[in-house]
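Computed from the coordinates by the stated procedures, all read-outs in this text should not be read as laboratory data. Note that the structure is a prediction, hence the values are computed from the model and not measured. Here Cβ is always computed from backbone atoms with ideal geometry, including for glycine, and neighbour counts include all displayed protein chains.
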Amino acid sequence: MNEVVLEVRDVTVVYETEDPVTAVASAGFDLHRGEILGLAGESGCGKTTLAYAVNRLHQPPARIASGTVVLHDAATGRDVDVLGLDEEELRRFRWSKLSMVFQGAMNALNPVRTIGAQLDDTLRAHAPGMDRRARRNRSAEVLERVGVAANRLRSYPHELSGGMRQRVMIAMAMLLEPQVMIMDEPTTALDVVVQRDILREIVRLRDEMRFAVVFITHDLPLLLEISDRIAVMRHGEIVELDTADTLYRDAAHPYTRRLLGSFPSLSGDRGAFIRSGELDGELDGELTEETA
């Protein structure tokens with residue numbers, strides 16, 4: 001396995017409401033260079049909350065109560081304590097070292113500005129040394145890398161399909177060649193053909209550029225196909241983390257087996273993955289010692 005690029009240790013996120021809620025509890029993982037790490041779990045289990053914590057994106061009442069996030073910067077050879085960065089350091093860190101494709105990203109583009117102007121904004125903010133021509137050339141290059149023609153720099157978001165807008169958001173995340181890219185449900189709301197094309201592009205770009213990816217989705221079969229390793233979250237905790245192959249063939253945690261069993265087989269009997277009655281009642285309360 002390649003060297004570790006990102007270490008997340010014991011991260012806890014609390015929403016400081018009248019009755020405080022712990023959304024993520026002591027979650028952690030290592031991310032290796034060039035790796036695709038899947039983060040799976042049902043809606044509301046804390047996947048996006050953990051991703052926001054890694055990138056310091058939470059706003060009150062959310063608060064990172066404890067934990068560490070360290071990026072091992074290959075460009076400088078230094079370790080970056082992400083949770084310890086001040087506002088200016090954090091502004092420089094985002095997009096250049098760690099970028100994020102947000103959930104519902106294809107609707108995040110400004111509808112009254114061209115694609116080229118929005119990519120240019122990112123470069124002007126984070127690479128002030130680049131002149132206008134260099135910024136345009138870079139924008140055209142990344143668009144073509146994700147399968148969008150460079151002449152689309154003059155287009156407005158409404159002139160692009162949903163799949164093309166999603167590709168633009170991935171291109172924006174790639175502009176400054178970050179070492180880590182977090183993708184939160186990047187293929188949601190896309191039809192299966194476009195989804196498949198974008199997944200192929202993500203894997204191809206990872207192979208070419210060797211950035212690491214945290215890929216968040218509730219779609220476990222999708223992660224089994226594209227991920228090197230998968231972390232499964234439940235109730236704000238990572239309950240299992242293993243290679244995709246091991247998780248598929250020999251999942252250790254009953255919740256992981258339940259997730260796997262929730263997807264129908266194309267060839268076997270319905271529910272064949274789980275022995276009849278094996279996990280009945282386990283999701284409605286705490287797992288018993290016998291089943292865990």
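Quick look at the values:
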| item | result |
| --- | --- |
| GNM flexibility winner over the chain from Ala171, Ala149, Ala23 (Cα, springs under 10 Å) | Ala149 |
| Simple Cβ-charge dipole of the chain, Lys/Arg +1 and Asp/Glu -1, about Cα centre, in debye nearest 20 | 1800 |
| Neighbour net charge for Thr246 - beta-carbon separation under 12 angstrom, K R +1, D E -1 | -3 |
| Residues whose placed amide H lies under 5 Å from that of Ala231, excluding near-sequence neighbours | Gly38, Leu39, Ala40 |
| Helix axis angle, 162-174 relative to the chain longest principal axis, alpha carbon, degrees | 80 |
| Dimensionless Rg over Rh [the chain; C-alpha; Kirkwood] | 0.99 |
| Likely footprinting exposure, Ser96, Ser161, fewest C-beta neighbours within 10 Å first | Ser161, Ser96 |
| Cα-based helix-to-principal-axis angle, 192-209 vs the chain, degrees rounded to 10 | 70 |
| Ordering of 78-89, 238-249 by packing [mean C-beta count within 10 Å, highest first] | 238-249, 78-89 |
| Charge tally in the Cβ shell below 13 Å around Val80, where Lys, Arg are +1 and Asp, Glu are -1, Val80 excluded | -1 |
| Neighbour net charge for Ala25 - beta-carbon separation under 11 angstrom, K R +1, D E -1 | -1 |
| Theoretical ellipticity at 222 nm over the chain - DSSP helices of four or more residues, -39500 (n - 2.57) apiece, nearest 500 | -9500 deg cm²/dmol |
| With Cα atoms, 0 to 90° folded angle of helix 115-126 axis to the chain main axis | 90 |
